[in-house]
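Heads up: the structure comes next, in structure tokens.
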There are 2 protein chains.
Amino acid sequence: MSQEIIKIAEQARQASLVLQSTTTEQKNATIRKIREFLEKDKDAILKANQQDLEKAKAEVEAGRLSASLFKRLDLSRGDKYQSLLEGVSDVDKLPDPTGKITLATHLDDGLDLYRVTCPVGVLLIIFEARPEVVVQISCLAIKSGNAVILKGGKEAYNSNVALYQSLQNAIKSLPPEEAIPLASVQLVSSRDEINELLGLDQYIDLVIPRGSKKMVRYIQGSTRIPVLGHADGLCSTYVDEFADINKSPKVVTDAKVNYPAACNATETLLIHSAVLESQLPAIAKSLVEQGVTMRADERALAVLKTTDIPADKYQAATEEDFDTEFLELTIAIKVVDSLQEAIGHINIHGSHHTESIITEKKENAELFMAKVDAAGVYWNASTRFADGFRYGFGAEIGVSTNKTHARGPVGLEGLVIYKYKLYGSGNAVGDYGAGKRSYIHSKIPINQD
Amino acid sequence: MSQEIIKIAEQARQASLVLQSTTTEQKNATIRKIREFLEKDKDAILKANQQDLEKAKAEVEAGRLSASLFKRLDLSRGDKYQSLLEGVSDVDKLPDPTGKITLATHLDDGLDLYRVTCPVGVLLIIFEARPEVVVQISCLAIKSGNAVILKGGKEAYNSNVALYQSLQNAIKSLPPEEAIPLASVQLVSSRDEINELLGLDQYIDLVIPRGSKKMVRYIQGSTRIPVLGHADGLCSTYVDEFADINKSPKVVTDAKVNYPAACNATETLLIHSAVLESQLPAIAKSLVEQGVTMRADERALAVLKTTDIPADKYQAATEEDFDTEFLELTIAIKVVDSLQEAIGHINIHGSHHTESIITEKKENAELFMAKVDAAGVYWNASTRFADGFRYGFGAEIGVSTNKTHARGPVGLEGLVIYKYKLYGSGNAVGDYGAGKRSYIHSKIPINQD
């Protein structure tokens, strides 16, 4: 274990202890200063980004890097830099998630218990390409009072370092009485450092990997530290026997084509046999118009063949297709004979991310939403709504398919935990029991949002 | 991987999917039936327990098992069996933690989002000695809608099997329309099975080890499944410079002697140098009267020597003493020169479990409670209050020193997570954006407890 890595983790821990009692105003002042510096340092940052892009271009040409990864690396595309700046201001405006009372109980006279939200402590964020993550995550961590160690991908090395230096200079520029510790945000770069950091569970409280499923699983298997998994998603949309034909083509098409590479895009279309002939042609036509190709099971294939859809737009599905996240304009189609069969298929083949039912029958919708085990269960809406901004969280750390701590789109709330504060007056446990005092356990009203 | 273990995990997963939509009344009917059967089967269960006790007695005599472990094994001691039955009825009376709306947002007209609590899924509980855990955890799991796989210690093998069979017979006795799946509760026995189960993260959602720190750490390091850690506790009580001498001896003594083997017992006493001479003698006298021996640092030792406390009741502390969970009538004593030094010591040497300050000065108490990073931060109260029953949770899974999901004493709430339910009317994400629809994001009032 290198001393340098231990020092980084120790410094993060010390910073996190200071951040436990940093005021909202101090945190916001830091975030505003970060925006100021990012505006000031724009040219230098884009120059560094240009260096990464030149290297990446060669990698793309050599076929070692995908074009979409290259796009994501580019900070000067369209209004990307402006969005990055506005994202910083958005976090400034969000309410502080710490210090909220979530339970208050009068245990006895002179003995009151409060459960109060507080930062988790030290976060380790591991991310690939997108350099803007440095800024986004740093601001969310500061706002929630967490220290953060960032580990970015090597493709974005120069961009990450330039953004990080701008952030550090912003923190340094504040008068000491307003400043958060400099070690609140730290950046590490080499891959070796990751394995060392994953062993430091005495300093690091939560790991958030943002990347491929393979990377997330590797990290989960390599550490005692809790992992907030941002896995990919295999989402399904089920067109029920009582689906409205005015809704199904629109919702299914949006769910597939709105952003096919996203984890909340629909990969599998389930359709009830009762509406197969009446609705599949319209749905398929709408999909094909948007460039989608279909992998259909036998019964769906038979119906597609009766339409005027060109035969090169569909083919027979393999079993594997129903376990595949295509992340592109391909959809698997399966016919089911009951709502129960649809639910069963989703619970086995889905990734517990987001699943939608199209139906006009409330009982079917409620049964689907109760029995499907997923972070999001939707009725007559596109799976693409699974997103922190759309949910109204203002900002998002990512989407979690964990079933503990935070599930679904994760906003600032996912970066806090709570502590119990007990206000006594000299109380001993030995005062209570048979023939002695009894607990009152009455609710104390909570006056806050 | 044995097929039998995979089958157990698969069955648990199937049961958990059914439990997702089991009604409160069904769950309560099962819990009441369990109490009925445990009363009926009392003689058979105590007979099985007797077999375990006889084997254990030989182990104690051979020095391979501790007397306290032997005591904990005994289900016929005092009113233990009656407490076990009453614990079942307590869970029946607790509110169902699932189906509670914790967030409701109007995203747009015809598009409403609800966050609703739901079961985690499949729990794996690993526990040592205490056979009553079989009953307690099974009832809490059923009430929260989780399927559970129980792995007990070999010392309690016969007792665990007898209790488990009584539970199974209770479930089987219910009419099918009221019954929960039989696989909602399963018991496994051999140690090999644990390692296999820890690899089945596709079926098991949460592991709760109840046992030694060593066992908890082993499990954390051996699985991708989230672990709710019930570690031991190194709790401290800090007697501040503004402590009231009418409170400090009482609170410190209760915190040490009320149940020294518990994780919330105080192991370290920190005392401010300004009250060392005025308060330590009274505190020490109170401790010694209850049989406590002291490990004191140099300055504390000098003061103890001026008292009439027998010299065999105290000795010089080693550095190691401040990192030791004695779990018996021994306390380490350290003198500090400031509140900040006390906070620093606790954040480094404590286990982030429960820490108390004795002071009359509100600012000092608030600073301590803000800056100490622990699940419980107390003011003028014994650390022994860290307990689900005392907090008013009605029942407790254990105490967590995790900083994600559930922290401190964990009641039924720690066994639930949430899902997002989105009620749409044919909505597509593509309908929103610049020049298109905007999100409304208004709060929907929640009418429930």
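For the range A:175-186, the criterion of a residue being touching a Cys at 6+ places or on another chain (Cβ under 8 Å), more than 12 Å from chain B (Cβ to nearest Cβ) and part of a strand (DSSP E or B) is satisfied by no position.
Would you tally the residues in the range A:185-225 being over 21 Å from A:Ile142 (Cα atoms), in contact with a helix residue (DSSP H, G or I) (Cβ under 6 Å, 6 or more places away or on another chain) and among the aliphatic types (A, V, I, L, M)? Looking only at that region, the number is 1.
Working carefully through the options A:Ser222, A:Ser286, find the one that is small (Gly, Ala, Ser) and under 27 Å from the mean Cα position of the chain (by Cα).
Of A:Ser222, A:Ser286, the one residue that is small (Gly, Ala, Ser) and under 27 Å from the mean Cα position of the chain (by Cα) is A:Ser222.
Checked against the criterion of being touching a strand residue (DSSP E or B) at 6+ places or on another chain (Cβ under 7 Å) and either among the β-branched types (Val, Ile, Thr) or in the same structural domain as A:Gly99 (by TED's automatic domain parsing) (or both), the candidates A:Ala44, A:Ala29, A:Ala15 yield just one match: A:Ala15.
The single condition among (1) open to solvent by less than 60 Å² (accessible area, probe 1.4 Å); (2) more than 23 Å from the chain's Cα centre (by Cα); (3) modelled with pLDDT under 95 that A:Asn49 does not satisfy is (3). Any chance the range A:290-299 includes a residue that's β-branched (Val, Ile, Thr), open to solvent by 10 Å² or more (accessible area, probe 1.4 Å) and either in contact with a Gly (Cβ under 8 Å, 6 or more places away or on another chain) or free of Cβ contacts under 8 Å to residues at least 60 places away in the same chain (or both)? Among the residues of the range A:290-299, at least one is β-branched (Val, Ile, Thr), open to solvent by 10 Å² or more (accessible area, probe 1.4 Å) and either in contact with a Gly (Cβ under 8 Å, 6 or more places away or on another chain) or free of Cβ contacts under 8 Å to residues at least 60 places away in the same chain (or both), which makes the answer yes. Given the structure, is A:Leu206 in contact (Cβ under 8 Å) with a residue 60 or more places away in the chain, under 18 Å from B:Tyr218 (Cα atoms) and surrounded by 20 or more Cβ atoms within 10 Å (Cβ to Cβ)? Criteria not met by A:Leu206.
Restricting attention to the range B:138-150, does a residue exist that is open to solvent by 10 Å² or more (accessible area, probe 1.4 Å) and in contact (Cβ under 8 Å) with a residue 24 or more places away in the chain? Taking every residue of the range B:138-150 in turn, none turns out to be open to solvent by 10 Å² or more (accessible area, probe 1.4 Å) and in contact (Cβ under 8 Å) with a residue 24 or more places away in the chain. Name the single residue, out of those in the range A:345-384 being of a type in the set (A, V, I, L, M) and open to solvent by 10 Å² or more (accessible area, probe 1.4 Å), that is nearest to the other protein chains (Cβ to nearest Cβ). Residue satisfying both the conditions and the ranking: A:Ala370.
Evaluated against (1) within 7 Å of chain A (Cβ to nearest Cβ); (2) free of Cβ contacts under 8 Å to residues at least 60 places away in the same chain; (3) closer than 30 Å to B:Leu84 by Cβ, B:Gly430 falls short on exactly one condition, (3). Between B:Arg72, B:Arg130, B:Arg77, the distinction of being loosely packed, with under 15 Cβ neighbours inside 10 Å and among the basic types (Lys, Arg) belongs to B:Arg77 only. Set side by side, the residues A:Gly110, A:Gly199 differ, and just one is open to solvent by 30 Å² or more (accessible area, probe 1.4 Å) and on the phi > 0 side of the Ramachandran plot, which is A:Gly110. The conditions of being part of a helix (DSSP H, G or I) and of a type outside the set (D, E, K, R) are met by A:Ile194.
Quick test for you: out of B:Arg437, B:Arg407, pick the one residue that is facing chain A (nearest Cβ under 8 Å), of a type outside the set (Gly, Ala, Ser) and either farther than 30 Å from B:Val257 by Cα or free of Cβ contacts under 8 Å to residues at least 40 places away in the same chain (or both).
From the options B:Arg437, B:Arg407, the qualifying one is B:Arg407.
Under the condition of being more than 10 Å from chain A (Cβ to nearest Cβ) and crowded, with 22+ Cβ neighbours inside 10 Å, the residues counted in the range B:211-231 number 2. Across the range B:197-224, the number of residues qualifying as over 25 Å from B:Leu163 (Cβ atoms) and in a loop (DSSP other than H, G, I, E, B) comes to 7. Cβ-Cβ distances below 9 Å connect the following pairs, each with a first residue in the range B:320-343 that is assigned by TED's automatic domain parsing to the domain that holds B:Asp240, a second residue that is assigned to a helix (DSSP H, G or I) and of a type in the set (Ser, Thr, Tyr), and a separation of six or more residues or different chains: B:Val335/B:Ser273; B:Val336/B:Ser273; B:Asp337/B:Ser273; B:Ser338/B:Ser273. Of A:Gly376, A:Gly426, A:Gly414, A:Gly398, all but one fail to be assigned by TED's automatic domain parsing to the domain that holds A:His345 and among the small types (Gly, Ala, Ser); the exception is A:Gly376.
Taken together, the criteria place B:Val303 among residues that are of a type in the set (A, V, I, L, M), part of a helix (DSSP H, G or I) and over 26 Å from the mean Cα position of the chain (by Cα).
Under the condition of being outside any helix (DSSP H, G or I) and of a type in the set (Gly, Ala, Ser), the residues counted in the range B:145-174 number 4. Selection of the range B:18-74 for residues being in contact (Cβ under 8 Å) with a residue 40 or more places away in the chain and within 14 Å of another protein chain (Cβ to nearest Cβ) yields B:Val18, B:Leu19, B:Gln20, B:Thr22, B:Thr24, B:Gln26. The residue that is modelled with the lowest pLDDT, counting only those in the range A:232-243 that are assigned to a loop (DSSP other than H, G, I, E, B) and either crowded, with 24+ Cβ neighbours inside 10 Å or touching a strand residue (DSSP E or B) at 6+ places or on another chain (Cβ under 7 Å) (or both), is A:Gly233. Evaluating B:Lys285 against the criteria (1) farther than 23 Å from B:Val377 by Cα; (2) crowded, with 19+ Cβ neighbours inside 10 Å leaves one unmet condition, (2). Taking residues in the range A:152-181 that are within 26 Å of A:Leu65 (Cβ to Cβ), and partners anywhere that are open to solvent by 60 Å² or more (accessible area, probe 1.4 Å), the pairs with Cβ atoms closer than 7 Å and at least 6 places apart or on different chains are A:Gly153/A:Glu128; A:Asn158/A:Gln51; A:Ala162/A:Ala44.
Answer yes if at least one residue in the range A:318-334 is open to solvent by 40 Å² or more (accessible area, probe 1.4 Å), within 14 Å of chain B (Cβ to nearest Cβ) and within 24 Å of B:Asn146 (Cβ to Cβ), and no otherwise. The answer is no; no qualifying residue exists.
The values are calculated or read from the model by the stated rules, or taken from the named source; none is laboratory data. Note that the structure is a prediction, hence the values are computed from the model and not measured. Neighbour counts are summed over all protein chains in view; Cβ atoms, including those assigned to glycine, are modelled from backbone coordinates with ideal geometry. With ligands, DNA and RNA removed, areas are computed over all heavy atoms of the protein, side chains included. Shrake-Rupley method; radii C 1.70, N 1.55, O 1.52, S 1.80 Å.
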